[in-house]
Amino acid sequence: MTETFYEVMRRQGITRRSFMKYCSLTATALGLGPAFVPQIAHAMETKPRIPILWLHGLECTCCSESFIRSAHPLAKDVILSMVSLDYDDTIMAAAGTQAEAIVAETIEKYDGNYILAVEGNPPLNQDGMSCIIAGKPFLEQLQHAADHCKAIISWGSCASYGCVQAAAPNPTQATPVHKVIRHKPIIKVPGCPPIAEVMTAVVTYILTFDRMPELDRQGRPKMFYSQRIHDKCYRRPHFDAGQFVESWDDEAARKGYCLYKMGCKGPTT
Ligand code: SF4
Ligand code: SF4
């Protein structure tokens, strides 16, 4: 039988106290009250863990870097014990044919049950020749892994929107994941890089409630993306009053007026 997340964490040296702390932090991160902490803990203790297969397309790997360097030491330990068990070519020890065998094994063993985390995106130009993994274009690997997964997490702005490598003229035709995979639920977690704890919180949510988290109209988990920088910006009174900076060295800039006309993306970030 597949072990539980709790068993894995204990094996990795995480104490019961830290585990309960993780459940509390996650309940808070998910916008749930303290009453949900026992429910989360119970799910983590009793349900088989959700395997995670983590693939990399065109990207800079800093999404993974940020993950490994998550500010909270507990979060880092928990995150690594939750995701590094199956396949992540950046943080796993295996390489080459051994690593490829693990992908195939994970797909077969957990058919229909694993979360496919995708960092980066597939290039469509030149038959995907800009991103070849184990002799195959990344697109092929992505489509195969997607066919057998439960859901996809588009991890970071590259996977969610295209980001740097999709910038014009986009010679490789780098394309966000949702434009090539249309038959599976996709949870977008944009950010360059995104916040590491969102990954474990989303996986914990799916495990606890047996359903996908509610998404906003851009496909992002609502609980993490419901507030905009614009809502809390200290320049907001100037926005409301119609006081805008028109050039970087004008009087309005010196007075700290709103940067909307200078291209601020706060209203959509
Ligand atoms: S989203 Fe940003 S940090 Fe993540 S892989 Fe892409 S460029 Fe790197
Ligand atoms: S537009 Fe930008 S600078 Fe202006 S209030 Fe919104 S977030 Fe702040």
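Just so you know, all these numbers are worked out from the coordinates, no wet-lab data involved. All figures in this text were calculated on a predicted structure; none of them were measured in a lab. Please note: Cβ atoms are built from the backbone with ideal geometry, for glycine as well, and neighbour counts cover all protein chains shown.
Taking first residues from the stretch 217-234 that are among the basic types (Lys, Arg) and partners that are in a helix (DSSP H, G or I) and within 16 Å of ligand 1 (Cβ to nearest atom), the Cβ contacts under 9 Å between residues at least 6 apart in sequence or on separate chains come to 220/160.
Taken over the stretch 215-269, the residue count meeting the criterion of being within 10 Å of ligand 2 (Cβ to nearest atom), part of a loop (DSSP other than H, G, I, E, B) and farther than 29 Å from residue 161 by Cα is 3.
The criterion of being out of contact with any Phe, Trp or Tyr (no Cβ under 9 Å at 6 or more places or on another chain), more than 28 Å from residue 19 (Cα to Cα) and not β-branched (Val, Ile, Thr) does not hold for residue 176. When 141, 173, 165 are checked against the criterion of being away from ligand 1 (no atom under 15 Å from the Cβ), buried (at least 19 other Cβ atoms within 10 Å of the Cβ) and either β-branched (Val, Ile, Thr) or in contact (Cβ under 8 Å) with a residue 12 or more places away in the chain (or both), a single residue qualifies: 141. Suppose the filter is in a strand (DSSP E or B) and either out of contact with any Cys (no Cβ under 9 Å at 6 or more places or on another chain) or touching a residue at least 40 places away in the same chain (Cβ under 8 Å) (or both); does residue 153 pass it? In short, yes. Listed by position, the helices (runs of 4 or more DSSP H) enclosed by the stretch 13-131 that each have at least 3 residues that are within 15 Å of the chain's Cα centre (by Cα), away from ligand 2 (no atom under 16 Å from the Cβ) and surrounded by 19 or more Cβ atoms within 10 Å (Cβ to Cβ) are 62-68, 73-83.
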